Amino acid sequence: MAKAKVFVTLKEGILDPQGQTVENALKNLGYNNVSNLRIGKYITLDIEGDNTKKELEEMSHKLLANPIIEDYQIEIEG
Amino acid sequence: MKFGVLVFPGSNCDTDCHWAVSELGQEVDYIWHHQTDFNGYDCLILPGGFSYGDFLRSGAIARFSPVMKKVKQYAQTGGLIIGICNGFQILLEAGLLPGAMKRNDSLKFICRHVNLKTENNQTSFTNKFTHGQVVSIPIAHNEGSYFADEATLKVLKENNQIIFRYCSETGNTSEKYCPNGALENIAGICNKEGNVLGMMPHPERAMSDMLGSSDGRMVFESIIAASLQGRGKRDE
């Protein structure tokens with residue numbers, strides 16, 4: 001059994017209004033040193049088998065992310 | 001002719017769509033998302049709503065519903081399909097239409113009448129419109145900011161696949177008349193073959209002047225006219 005993490009983020013260059021709004025809020029709190037804030041999704045799951053890397057790639061491509069607007073990054077532990 | 005209205009868990013415009021085509025004197029059935037086989041329909045409607053709670057992304061789960069395999073076959077054999085709002089999002093996720101839907105740039109759910117410019121009136125969904133006609137049809141969405149990469153946009157333009165654009169009352173399609181940040185004010189597109197249409201505005205909510213507009217009727221009347229002319233094969 002392995003634990004996997006999938007990070008889904010909007011592709012670079014795609015406007016992230018949510019990220020911009022949060023960045024502005026941080027600036028309103030006085031954190032003027034913040035820039036390029038982007039918001040994404042963080043998915044965790046347990047997975048069994050010998051082919052987990054390939055399967056996680058497939059899962060991310062098919063369902064977890066929309067490759068037209070999103071990138072994904074996979075981390076497998078153990 | 002006979003319409004089929006797909007119903008996913010969380011669809012909430014299915015009844016409106018059913019009513020709209022009944023109002024125009026057509027036969028119509030509901031098709032539950034678990035149905036894997038159905039026959040005898042001249043047009044399928046993917047209605048608005050929040051299929052599967054819009055979890056993960058709008059339309060992302062619905063596209064893997066059992067019913068979608070048959071919907072894809074239906075599209076490939078030339079059947080007429082219209083996806084409205086969440087239905088449009090499902091068609092994008094399913095790859096039956098190009099591009100993707102992002103959250104509105106205002107981050108707000110927008111629910112109001114908008115003006116649309118008819119960019120292509122030579123389709124099975126717009127033959128009752130005049131070219132460039134400005135119509136008023138309501139939108140109601142949170143994820144309606146259409147996006148496609150440059151290459152896809154080029155293909156959409158080359159094949160006249162952009163059907164509706166958000167505009168002013170006089171048909172000005174400059175960015176300031178776009179309610180949601182959609183690329184080039186795109187509100188509706190069709191596939192290259194012209195038998196699958198997706199649009200964010202809700203024609204089924206613009207069926208009577210009493211409701212603010214009857215312009216939506218023309219979408220369904222166009223489909224009926226196209227079907228009578230033999231466009232859109234029945235899947236039999």
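Inspection of segment A:59-67 identifies no residue that is more than 14 Å from every other protein chain (Cβ to nearest Cβ) and either on the phi < 0 side of the Ramachandran plot or open to solvent by less than 70 Å² (accessible area, probe 1.4 Å) (or both).
Of everything in segment A:42-54 that's under 14 Å from A:Lys5 (Cα atoms) and open to solvent by less than 70 Å² (accessible area, probe 1.4 Å), which residue is nearest to the other protein chains (Cβ to nearest Cβ)? Taking the candidates together, the pick is A:Ile43.
Checking the structure you have, find out if any residue of segment A:11-30 is within 18 Å of the chain's Cα centre (by Cα), at pLDDT below 95 and away from chain B (no Cβ under 12 Å). Within segment A:11-30, one or more residues are within 18 Å of the chain's Cα centre (by Cα), at pLDDT below 95 and away from chain B (no Cβ under 12 Å). Screening segment B:3-29 for residues that are touching a Leu at 6+ places or on another chain (Cβ under 8 Å) and not hydrophobic (A, V, I, L, M, F, W, C) and picking the one that is surrounded by the most Cβ atoms within 10 Å (Cβ to Cβ) gives B:Gly4. Restricting attention to segment B:47-61, the residues that are part of a loop (DSSP other than H, G, I, E, B), within 12 Å of chain A (Cβ to nearest Cβ), in contact with a Phe, Trp or Tyr (Cβ under 9 Å, 6 or more places away or on another chain) and touching a residue at least 12 places away in the same chain (Cβ under 8 Å) total 3. Per the listing B:Lys117, B:Lys69, the residue uniquely modelled with pLDDT of 95 or more, over 27 Å from A:Gly40 (Cβ atoms), under 16 Å from the mean Cα position of the chain (by Cα) and not acidic (Asp, Glu) is B:Lys117. When we screen A:Asn24, A:Asn36 for residues that are at positive phi and exposed (fewer than 14 other Cβ atoms within 10 Å of the Cβ), the only hit is A:Asn36. Looking across segment B:62-117, the residues that are of a type outside the set (D, E, K, R), farther than 17 Å from B:Gly188 by Cα, open to solvent by less than 40 Å² (accessible area, probe 1.4 Å) and away from chain A (no Cβ under 14 Å) come down to B:Val67, B:Val71, B:Tyr74, B:Ala75, B:Gly78, B:Gly79. Evaluate segment B:165-185: report whether one residue or more is assigned to a strand (DSSP E or B) and within 18 Å of B:Met101 (Cβ to Cβ). Checked segment B:165-185: at least one residue is assigned to a strand (DSSP E or B) and within 18 Å of B:Met101 (Cβ to Cβ).
Please indicate, with yes or no, whether at least one residue in segment B:125-135 is closer than 24 Å to B:Gly79 by Cα, crowded, with 19+ Cβ neighbours inside 10 Å and within 14 Å of another protein chain (Cβ to nearest Cβ). Within segment B:125-135, not a single residue is closer than 24 Å to B:Gly79 by Cα, crowded, with 19+ Cβ neighbours inside 10 Å and within 14 Å of another protein chain (Cβ to nearest Cβ). Among the residues of segment B:171-178, are any within 14 Å of chain A (Cβ to nearest Cβ), open to solvent by 50 Å² or more (accessible area, probe 1.4 Å), closer than 27 Å to A:Lys11 by Cβ and not small (Gly, Ala, Ser)? Yes, because at least one residue in segment B:171-178 is within 14 Å of chain A (Cβ to nearest Cβ), open to solvent by 50 Å² or more (accessible area, probe 1.4 Å), closer than 27 Å to A:Lys11 by Cβ and not small (Gly, Ala, Ser). B:Cys17 satisfies every condition listed in (1) part of a loop (DSSP other than H, G, I, E, B); (2) touching an Asp or Glu at 6+ places or on another chain (Cβ under 8 Å) except (1).
The values are calculated or read from the model by the stated rules, or taken from the named source; none is laboratory data. Given the structure is predicted, the values throughout are model-derived calculations rather than measurements. So basically every Cβ, Gly included, is an ideal-geometry build from the backbone, and we count neighbours across all protein chains shown. Quick note on the areas: whole protein, heavy atoms, side chains included, nothing else; ligands and nucleic acids left out. Shrake-Rupley method; radii C 1.70, N 1.55, O 1.52, S 1.80 Å.
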